[in-house]
Structures are given as structure tokens and as C-alpha cells.
Amino acid sequence: MEASDVEVNGANGVNGTNGVNGTNGAADEDLPPPPPVPADVVPLRVEGDSEPAVKKPLRVPVARRGLATKGNKVQLLTNHFKVNVTNVDGHFFHYSVALFYEDGRPVDGKGIGRKVLDRVHDTYKAELEGKDFAYDGEKSLFTVGALPRNKLEFTVVLEDISSNRSNGNSSPKADGSPNENDRKRMRRPYQSKTYKVEISYAAKIPMQSIAQALRGQDTENSQEALRVLDIILRQHAAKQGCLLVRQSFFHNDVNNFTDVGGGVLGCRGFHSSFRTTQGGLSLNIDVSTTMIIQPGPVVDFLIANQNAKDPFSLDWAKAKRVLKNLRVKASPTNTEYKITGLSDKICKELMFSMKQRGEKDENGDPLMTELSVYEYFVNIRNIPLRYSGDLPCINVGKPKRPTYIPLELCSLVSLQRYTKALTTVQRASLVEKSRQKPQDRMKTLTNALKINNYADEPLLRACGVSVSNNFTQVEGRVLAAPRLKVGNGEDFFPRNGRWNFNNKKLVEPTTIDRWAVVNFSARCQIQNLINDLIKCGGLKGINIARPFDVFEESPQHRRAPPLVRVEKMFESIMEKLPGAPKFLLCLLPERKNSLLYGPWKRKNLAEYGIVTQCIAPTRVNDQYLTNVLLKINAKLGGLNSKLSIEASPSIPLVSKVPTIILGMDVSHGSPGQSDVPSIAAVVSSRQWPLISKYRASVRTQSPKVEMIDSLFKKVAEDKDDGIMRELLLDFYTSSGKRKPDQIIIFRDGVSESQFNQVLNVELNQIIEACKFLDENWCPKFVVIIAQKNHHTKFFQPASPDNVPPGTVIDNKVCHPRNNDFYLCAQNGMIGTTRPTHYHVLLDEIGFSPDDLQEFVHSLSYVYQRSTTAISVVAPICYAHLAATQMGQFMKFEDMSETSSSHGGGVTAAGPVPVPQLPRLKENVCNSMFFV
């Protein structure tokens, strides 16, 4: 990233409120140009000019320090396929593409570009000298070698596939005869459109830059050259009729569809992208899944979507929302349209005027007759309608010129993406139906290579690119599990990434007194539950007193809104209890996504400072109770297990110098929710030298913004209200009045294109927060990104099982220069293990490769909620949990006063305020309330 990129998008930059495109920019156009500056004038520096004399150099990701060696070596296969490039002396030529209609208006609609450029390719072969090109579907086109001229202009004619192709079968317009143009259209069954295409030379990219990327020299050219290769793959898939979602491709094949309920299907496809690795260029191919709308009759989709029993019990307002902009084919003409809405009246009552053929009035004008859409289709078009007469019609016309088609004549086109958030049931169904065992996944990928047949792609051939059919072999190492400490000074080693607390006590059990049970109408034998909990707690070392009382929800409140139910429950608790309880066990009636959860947590944590545990008891056994107690113990300040090296303490480079560990994550609203604030959470370790205890700080920020903007927040000359100050002060007070001299940051959820922002924007905020506390304090930093959202998988060649827990890979498929590694800390029991890809962007502490990988591996064993190694370090999991739980607080906020549909964007008056989360009460804000 160039230095200027950071500034250009700032509040007063090019896109800002006072910049070139801002609200005050237009006024400048009326001013005369400034007078010329004489040649002999030396500009003076204005006093107080805030422009720094020297710009700080931008940090870039650090290079690898070498390979680690610890662990048992294991030979693995990975879904990277070696790519050879022979045409290294050639060049890609980049051209800009501009599309216009016949009258010179620019084409703004998406999707038409590929059809137009395909027609250009087919029609003007000679003018293009037979050259193939890769087109990205928008404004860029690439060729191998130059086109004949730097600027080319073409005109092509396309039959409009979504035209009202009639052959006497047009649909009724709301404002005139449906047969107005029938005769004309019978002679010319297609409406055709003329397009002008301008192709202009933009840049030249040497293929040599791919070789530079493989040497670890990442230049703009090398990124662009790899982008061209990826565009070739996208175009290859588009020509096969695939749905394209970034670098994933989905074929229209019913064998790839799986029903997840609600009229939504999971569609299995393939991800393919070129990657530069230590072993050279490789093609990474993986199984990918997207959600699509159930193709077929619209009515079947609506019934499934609303779980209705028949078309007559559908909610049409909901149907209108879900159908808008979907594409349908109308029978019997098989014409494709885009849905713009639904009619307000049913088909039998929807009237329009139609000319009577051959009949004229006394003035010689055609006679008009009023008839319904139903009568038109049944009597004039002779198309029988079984049930749509009593249902609304689908509108496929313009808002002022509607075109209505009866519901039963419309079928949804296949491969239309469903972009709304899935329900819990749909998500569970998708996970269950789309998981594949390692060997099955390998077969699917081998098959994908055959189907894609890259050897026949002319542009890849022109680049001299050939793809191997064999999975790449890599060497992994299996790290030993760290030793854990439990109660009574007992040590033990987890086996296969798992352990249990059978016949073991917790390492730091808490005492549960001053507590009560709250039951929101859950069906449960509460006294039995309490007795079992007390007994199970005793076996684990937790001393649990009898609860003060059980508060049952009054039957008259069960149908009230969630906020009211919580309010009423708290009224009865406060009436009866002598003082605020230390802990409340809350029984919820719904197992998942109870609407009571958010308001209940908010009331407890933000208003009263009470630790609470919610459960939805269905099958209560010892394992269930143990899991609940692990969470309660951690929330109340206890510790379930810890690493033996924490007790010694002997963690390399961490135990010797006060070190704080941070986990950072941002959670965003569901797709389509543009006005829901994003939630940034940072958790920090406390009580150094422990690395098992954490607390969280959470803030809202503008929707869909990934970079955390509240790490340092100067609100007055001597006041910082940012996240970091809160966490650093807690570390200081909980760690014997020591400031952390080392800060280790684990950051989740950022892509490679955002690494520089983490290093130069977020890290700068953290440094500022430190300097604000003490100008002379210069801690050392380690910054590590954890990525789960990638497509590299590992397989054991001769085994049906997943790779063993603790498998680490830092060679062959890793970056040619940067310090990254893959770690499978978890025991993958179902499906194929997804490794976490760790990128070490900065290491001022100076970890050896072995020490760093062992440290990261150990942090997968300190997650207090479970008795298994988890797939990503605990601080990141905690940050995710904290963001999600506090996000529930926002669900019932009235956003209208503090937010708007602009959702935190910039308006002429400045940024739209984002509603703030309530701060937690002091007695719970340092707890692990989020576990």
C-alpha cells in the first residue's frame, strides 16, 4: 500500500466531506485560477503547519526467520496443484473496456458485458488478429501480446434474451392491449439492441513478474499478473455457464444441490485460485458451497420459504420482499424476466383495457374492452390456470408500466444466489449435508480438475501455463500436546487433542453462594437439576450453596415482548432477595436463539453487574452439567485447567518479561443488514504470567468496517476513552503493578490486502494508547494474523482420517518470503479439518520459529469452555464470543434516533453516529463473562 492510500480515504481526503468530491468542492469551480508564481520565489513554511517534515516509513510484513524443526515428521498431501509457466518472456496487455448503447449512453447494467464481448470476439476475429482475451466482466480485458492497435472500436448487435419474445404470446400490459405489437414481433421475434464497444490500451505487465513473486518480491506487477490468471479461470467457468462468486464456480447440476429448508439450497462448487508458494506457482482447488434459491415453480419456492401449507396461506408482503429482483422464466414462451413486484389485486380482479381487433368506434378508433388478466390468459391465450386466479400476479414490468403474469406460469431460473443470513436450522442442515470426509473431498477435487479441463483453455496455453493433476506432497510435523495442570497439583497430557475431568478437580475452583435460579417457562425438574449441579460441582471442587430461591415466570407474562418479560422477572427478583445476587442461573425455553437472551444478559451485566449463565436443559447428564460448570467457574473468576508451563512459569520469552496477549475480532451484521453497527472486541490476558485468564472490551463502529477505530480515542487533552487504555490498566492492576513490556497481538478476520492496515493503522493506535499513558514506555510488539477463511487443506495419503492434532506446516505451500505457517491444533472428528493459517507480520521480541509455533499451539489448549484443543488460539475465540454476546444487546435498540439507513456512512453533515454499547458494571467487566 502506498503512503497516500492511507490518507486519500480519510475524512478530509479525496472522498471526504471537504475534498474534491465533497460538498464544498463545487464552489471552487467558480473561482478564477490563481496567479502564476514567479520563478525566483522560495516558498516559506507556515508556522504551526501540522505537516510532519519526515513521513514514517510504512511497516511491511517481516520475512521468515527459518523453518521450525520440532515435532514428529509426517508426509502429507495438499490441495495445491503445481503450475508450470513456460512463456516467462511474454507480456500481458491490459486494455480498458467501455460499453455504450447505440445513442451513446454508457451501459451501467451488470451481466451484459460478457455477452457483448463474446459477440465482439466471434464477429471481429480478423480485426483482433485471432487473439483470445480474458475479460473480467466489467472494465478490464487482458491479452497475451498486443492487439493490432492501441484503440479499437466495434459495434455489435445482441438479441435481448429478456425481451418480450411473443410469437403472439405477449403478456398483458397494464396500460394497453397486450397484442399491440404482436404482428411486428411475429416478423421479428427478438428485440435486438446495438452496442458500441471501445477497447483502449492501459498497461503492459511482464510475465517475468510471476517469477519475481516466486522469489518473494511482491510487486504491483506480480499481483496484477496473478490477477490475470485468476480472471482467465473466471472466464473459463463463465463460458461453462457457471455461477461465479469471486474465485468460486458453481455448475448448474442438480447433483450438486442439497435442500436446507426454507426454499434455499446449498450448491456445491469449486474454488480455484493461483498462489505463489515456496514450491513455486500452484493452483489451489477446493470444494466450495454457496446458497441458491430453489429453482422451479415460484409457488413451490414461496410455500417452502414460508413453511405454508398451500398458496392461499402465504404472506404476500413477505413474498414481495423475497421475490424482488429474482429472475423467472414464463411459460409457454420460456422468456426470462426480472421480478419487480406483485400486483395489489388478485388475478381475477386485476383489470386492464384491451383493443378489440377489427372493431372500430364511430371516430374510427379501435374499440376498447375491459377484461381481467385471468380472462385474458384463459380465454384469449387459451392457457388454463388452475389456481392463480385467486392469487396476486407477478409484475415483470417497469414501476410506471407494469407487466403482469399469473403466478403459476412463472418458474425461478436456476443458480440465483440467496444472500440473506441462514436460520440456525438451515445452517445446521447445511453443515451436516455439506461436510465431506478427507478421502471423499480428495475424490471430488480430482474430479473437479477433470471437469475444468484447464489444458484446453486457449489463454492458459498462450501463457504457457500447465497444471499438474497430482496433489502436492508436503512435510508436516506433529507437535506434542502441552502438559496441563488440574486440581490437587495433578499434571496430565491430553490425548488426541482431548481430555476430561472425570475424577479430577478444577485447578482453581470457585465458591458459588448468594445465587438464585430463574426459570423463563422451561419445562424442567428444577430441584433435580439443582441437586445434580451441587453434587457435580462438589466432585470438581466447586463448593455450591443451596440457591436462595427459584423464580418462576408468571404465566401472564409468557406472551409479552422479551424486554417486558425480563423487566418483570427482575422486579420479582429484587422484591424477594435481600441484596443483589452474585450469580443467576437462567433457564430458557428455546434451545437456540432465544429472544430473551440479549435483554437478559444486558440487564445482568450492564445494569446490575450480576454474573449469569443461561441454559436450555433438554438432556441433562454428567457431561452436560460438567460443561455448564466449566463456564460458571470461569465466569466467577475460577480457572478450570492451565498449562503446566504457566505454573512454573517457563513460557519461552513470555514468562521472563511482563507480556500481555491480545485477541482482536470484528463481527458484522448479517448480509443485507447495512445499518447494523459492526462490533469490535479485544480481549487481553491478565494476572501475568498466566496466559489462561482474559477480560474483554467491546465497542460498536460503522457497519461493515473491518479496521478497529476505537483502540485509542482521545476525548479530551488528558483523556483517552479507547479500548487499549482499559485493557492496559487492568493488566497493570492484575499483574502486580507491572506494565507489559511485550504486547502479542492475535488478529482475526482480515485478508492479505488488509495486512498493511493492521500494521500501520491499528498498531499505530495501540502505540499511541501506550504513549498516552507513559511517554517513555516503548513495549515490543508481535502481530499475528489468524485466517480460517482460506482454501488450503491437508490429507494423510494412506489414511481415511484427518491429520493428527498438532500438525504444523511451514514449508512448500507457504509464502515464498513472509513468515506464515498452517496449524491444525484440533482433532477433526467430522468432515475435513480446516487448518488455521497464521501470518506473523511483526516480531520485535525475536521468537525462534519453534518457540513461536509451540506458543501458538499452547494457546489452543487454554480455552476454558471445552476439554478439547480448539482450531484457533483462545484469545481470538474469546474476542469472537464477546463481540457476539454484546451484539445481542443491540438487537432491541431503537436505532431510529441514533442511526439511519446510511449506516454509519458519511453525509454532508459528517459521519452518521453509531449507537454505543452500554459499559459493563465494574464488578463484571474484568470477568470472563463471555465464556
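A few notes on this one:
- The gain in end-to-end length when the SER753 to LYS151 segment is fully stretched comes to 213.5 nm, 0.36 nm per residue minus the alpha carbon separation.
- Distance violations [Cα-Cα > 23 Å] among LYS505/LYS535; LYS420/LYS568; LYS318/LYS398: LYS420/LYS568
- ASN488-GLU922 FRET efficiency (beta carbon distance; Förster radius 41 Å; 0.05 resolution): 0.80
- Cα-based reach from LYS400 at 17 Å (exclusive), listing lysines while leaving out same-chain residues under 8 positions away: LYS173, LYS324, LYS338, LYS345
- Accessible surface of the chain, 1.4 Å probe, proportion on carbon and sulfur as whole %: 49 percent
- Mean Cα-pair separation over length for the chain, i.e. relative contact order, pairs under 8 Å, 6 or more apart, %: 14 percent
- Local electrostatic count at ARG327 - Lys and Arg +1, Asp and Glu -1, tallied over other residues with Cβ under 10 Å: +1
- The magnitude of the dipole of region 390-454, with charges of +1 and -1 set on the Cβ of Lys/Arg and Asp/Glu and taken from the Cα centre, is near 380 debye.
- Inter-probe distance in nm under a simple model that places probes 7 Å from Cα toward Cβ, at MET368 and SER866: 6.8 nm
- The ratio of the alpha-carbon radius of gyration of the chain to the globular-protein estimate 2.2 N^0.38 Å is 1.09.
- Positive contributions from Lys and Arg (+1) and negative ones from Asp and Glu (-1), summed over other residues with Cβ under 13 Å from the Cβ of SER273, come out at +1.
- Anchor LYS433: aspartates and glutamates whose Cα lies under 18 Å away (excluding residues fewer than 8 positions away in-chain): ASP253, ASP259, ASP286
- Cα-Cα P(r), region 604-684, percent of pairs per 10 Å interval: 12, 24, 33, 25, 6, 0
- Dimensions in Å of region 262-389 - Rg and Dmax from alpha carbons: 23.4, 87
- Here region 736-850 is treated as a sphere whose radius is the Kirkwood value from Cα pairs; by Stokes-Einstein at 10 °C and 1.306 mPa s it diffuses with a coefficient of 98 µm²/s.
- Mean separation of Cα pairs under 8 Å and 6 or more residues apart, divided by the residue count, gives region 322-376 a relative contact order of 27 percent.
- Degrees between helix 562-576 axis and first principal axis of the chain (Cα, 0 to 90, nearest 10): 20 degrees
- When region 331-471 is reduced to its Cα atoms, the Kirkwood hydrodynamic radius in Å: 20.8 Å
- Theoretical FRET efficiency, 1/(1+(r/R0)^6), r = Cβ-Cβ of LYS437 and ASN87, R0 30 Å, to 0.05: 0.15
- Inter-centroid distance (Cα atoms) of region 385-440 relative to region 599-662, Å: 43 Å
- Each Lys and Arg Cβ is given +1 and each Asp and Glu Cβ -1; about its Cα centre, the chain then shows a dipole of about 3060 debye.
- Cα gyration tensor, region 799-877 - rounded (a/c under 1.5), prolate or oblate: oblate
- Region 444-527, relative contact order in percent, only Cα pairs under 8 angstrom and at least six apart counted: 16 percent
- Cα gyration tensor shape of region 576-716, rounded if a/c is under 1.5, else prolate or oblate by comparing a/b with b/c: oblate
- Mean ellipticity per residue at 222 nm, deg cm²/dmol - from DSSP H runs of n ≥ 4 across the chain, formula -39500 (n - 2.57): -6500 deg cm²/dmol
- Proximal lysines relative to LYS713, as straight alpha-carbon distance under 28 Å, when same-chain residues fewer than 8 apart are discounted: LYS55, LYS56, LYS601, LYS603, LYS693, LYS704, LYS737, LYS739, LYS771, LYS780, LYS891, LYS921
- Summarising the overall dimensions of region 408-515 from its C-alpha atoms, the Rg and Dmax are 26.0, 76 angstrom.
- When both region 730-765 and region 685-727 are represented by their alpha-carbon centers, they are found 10 Å apart.
- Applying 1/(1 + (r/R0)^6) with r as the Cβ-Cβ distance of SER521 and ASN543 and R0 = 30 angstrom yields a FRET efficiency of 0.50.
- Using alpha carbons only, the radius of gyration of region 661-771 set against its Kirkwood radius gives Rg/Rh = 0.98.
- Taken per residue, the accessible surface of the chain reaches 48 Å², heavy atoms only and a 1.4 Å probe.
- Applying the Kirkwood pairwise sum to the alpha-carbon positions of region 338-410 produces a hydrodynamic radius of 13.1 angstrom.
- Shape category assigned to region 458-512 from the gyration tensor of Cα positions, a/c cut at 1.5: prolate
The values are calculated or read from the model by the stated rules, or taken from the named source; none is laboratory data. What you see is a predicted model, and the numbers here were worked out from it, not measured in a lab. Note: ideal-geometry Cβ built from the backbone for every residue, glycine included; neighbour counts use all protein chains shown. Calculation scope for accessible area: heavy atoms of the full protein, side chains included, ligands and nucleic acids excluded. Shrake-Rupley method; radii C 1.70, N 1.55, O 1.52, S 1.80 Å.
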